[in-house]
Amino acid sequence: MKKHTTLLLALLTIAPVGIAAQAPSRAQAAGQERTAENDTVPEYWRSHHSVRVGGQVVEYDATVGSIILRDDQQKPTGKLYYTAYTRSGVQDLAHRPITFSYNGGPGSSSFWLHMGVMGPRRVSVPGTEHANPAPYTIVDNEATLLDKTDIVMIDPIGTGFSHPLGDTPGRDFWGIDEDARSITQFIQRFLSQHNRWNSPKYLLGESYGTTRSAVLSSMLQNANIDLNGVVLVSTVLDFRTISFGPGDDLPYVTNLPSYAAVAWYHKALPQQPAELEPFLKQVEAFAIGDYASALLAGSTLSQSARDGILDRLHQYTGLSRDYLDRADLRVSAPEFEKELMRSQGQVVGRLDARYQGPSGDLLAQYPSQDPQSSAISAAYAAAWNTYLRTELGYDGTREYVPSGNVQPWDWERRGGGSFFGAGSPNVAVDLARALETNPKLQVLLVTGLYDLATPYFAAVWTMDHLGVPADLRDNIQRADFEAGHMMYVREDVLPKWRETIGGFIDRTSGGM
């Protein structure tokens with residue numbers, strides 16, 4: 001009997017934060033301003049900068065700040081920190097888009113997207129190799145969207161500097177709905193404080209951040225905030241598609257095309273196709289056709305049909321017929337990561353399977369590390385802490401938490417089952433509700449073909465099963481990257497990222 005795996009809850013593995021070097025602050029040189037630290041009032045560290053992007057110099061103001069969250073009795077419950085970048089000198093805010101952005105986890109701060117692609121400065125890391133130890137290089141980010149939209153990087157409660165206040169327990173923020181409610185309140189307060197209610201508004205979340213965006217898009221509409229667009233980066237809305245739960249064949253179907261893409265990249269296929277795209281179309285058709293039918297047949301599948309499926313799985317994944325047979329045609333993502341290059345003593349990455357690293361125990365069923373996370377975490381943590389304390393001028397006493405222990409996380413939904421009870425959560429219904437309520441809402445699905453954490457075909461399958469009318473399905477656009485979960489870590493992808501996301505904002509906002 002095959003032993004199944006359960007979902008790995010933390011969608012991003014993050015290294016501990018390093019101590020930043022104390023260098024002269026660009027923010028101080030530019031006239032940085034801050035408030036005194038007090039846990040019951042907002043704090044701000046403000047500075048002025050410029051960056052060359054899109055062939056022009058963009059002047060902008062940066063604010064590391066916080067907003068106090070309150071309950072229905074106006075009691076302070078949490079202090080949520082953010083970093084905002086706003087273009088200087090803009091008078092017509094009604095035509096200036098604003099994008100609220102965050103990572104996932106749950107429990108991840110926003111410094112990945114921040115230092116990878118969204119902020120005006122980014123950390124430079126090598127291809128698919130392990131980054132050298134410090135010092136790391138921080139460079140201007142020519143792919144930033146600051147010429148098109150203001151950007152607000154959000155650290156949910158329990159991450160970054162954000163934390164509960166007083167006797168408020170963390171569980172008031174740590175759950176699918178609890179988390180989205182706190183971000184809804186934050187966005188409302190931010191719009192009011194900065195006179196941005198009439199600006200075009202966007203959400204851009206990565207990984208569990210896409211889960212958050214689906215719920216948030218519906219909650220914001222209940223608060224009379226219609227969004228112009230939602231950008232879903234490395235998406236998971238229906239957790240069945242990645243959970244590999246006992247007796248559930250769906251995740252094996254939705255993950256198979258990613259296995260094929262990874263095997264193609266590593267030239268591990270018995271007959272290597274020349275081009276990836278037509279190969280993946282073939283595998284996708286097989287996944288939802290003959291393969292899905294074979295899995296649904298269970299023990300009634302004939303031996304001849306089983307042999308045919310084994311042959312095609314071998315051709316599409318590079319795994320041996322014997323391994324696939326012993327796995328009963330069902331290989332989970334962690335098992336694939338461990339098995340593909342086992343004979344070479346290597347494992348492939350979960351977040352980005354182009355990365356590979358030492359396998360460790362060659363007899364183990366699952367990997368003991370994620371080579372991609374191991375390769376870049378220290379660089380991102382050190383670069384962010386240095387940038388935060390020097391260029392942005394933060395000099396508070398709190399240490400930045402890259403990955404918070406936001407447990408137990410409440411996976412239970414309104415009217416639904418719990419994550420470990422009646423079923424895995426599915427927030428696709430929230431996105432469908434948002435589209436039905438606001439038929440002008442546009443959605444951009446951004447996927448990485450080598451992502452084994454949130455596989456691209458699982459996201460596509462979810463979108464194809466939203467149950468919305470055909471005209472609303474046309475509101476969903478898709479952009480595939482030959483990259484992993486965090487496609488922006490490779491500098492050669494940045495021009496396409498800027499063109500894709502920037503074009504989406506231009507089309508849906510009339511932004512300036």
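Annotations for the structure displayed:
- Qualifying residue in region 274-291 (condition: more than 20 Å from Tyr323 (Cβ to Cβ), of a type in the set (Asp, Glu) and assigned to a loop (DSSP other than H, G, I, E, B)): yes
- Checking Ser182, Ser217 one by one, the residue that is closer than 12 Å to Val427 by Cβ, in a helix (DSSP H, G or I) and among the small types (Gly, Ala, Ser) is Ser217 and no other.
- Here Gly360 passes the criteria (1) on the phi > 0 side of the Ramachandran plot; (2) at pLDDT 95 or above; (3) surrounded by fewer than 21 Cβ atoms within 10 Å (Cβ to Cβ); (4) not polar (S, T, N, Q) except the one numbered (2).
- Residues of region 483-512 satisfying the condition of being crowded, with 22+ Cβ neighbours inside 10 Å, in contact with a Lys or Arg (Cβ under 8 Å, 6 or more places away or on another chain) and aliphatic (A, V, I, L, M): Ala483, Ile505
- Taking residues in region 63-91 that are free of Cβ contacts under 8 Å to residues at least 24 places away in the same chain, and partners anywhere that are not in a strand (DSSP E or B), not one pair has Cβ atoms closer than 6 Å while being at least 6 places apart or on different chains.
- Residue that is nearest to Arg121 (Cα to Cα), among those in region 143-170 that are out of contact with any Asp or Glu (no Cβ under 7 Å at 6 or more places or on another chain) and either assigned to a helix (DSSP H, G or I) or of a type in the set (Ser, Thr, Tyr) (or both): Thr144
- Every residue from region 129-160 that is polar (S, T, N, Q) and crowded, with 19+ Cβ neighbours inside 10 Å: Asn141, Thr144, Thr149, Thr159
- Some residue of region 204-213 being buried (at least 17 other Cβ atoms within 10 Å of the Cβ), modelled with pLDDT of 95 or more, under 28 Å from Met487 (Cβ atoms) and more than 15 Å from the chain's Cα centre (by Cα): no
- Asn385, sole failed condition from (1) assigned to a loop (DSSP other than H, G, I, E, B); (2) at pLDDT 95 or above; (3) not acidic (Asp, Glu): (1)
- Selected residue (criterion: modelled with the highest pLDDT) from residues of region 457-495 that are within 29 Å of Glu337 (Cβ to Cβ) and among the basic types (Lys, Arg): Arg478
- Tally, over region 134-151, of residues that are over 14 Å from Tyr387 (Cα atoms) and under 22 Å from the mean Cα position of the chain (by Cα): 9
The values are calculated or read from the model by the stated rules, or taken from the named source; none is laboratory data. All figures in this text were calculated on a predicted structure; none of them were measured in a lab. Every residue, glycine as well, gets a Cβ built from its backbone with ideal geometry; the counts of neighbours run over all protein chains shown.
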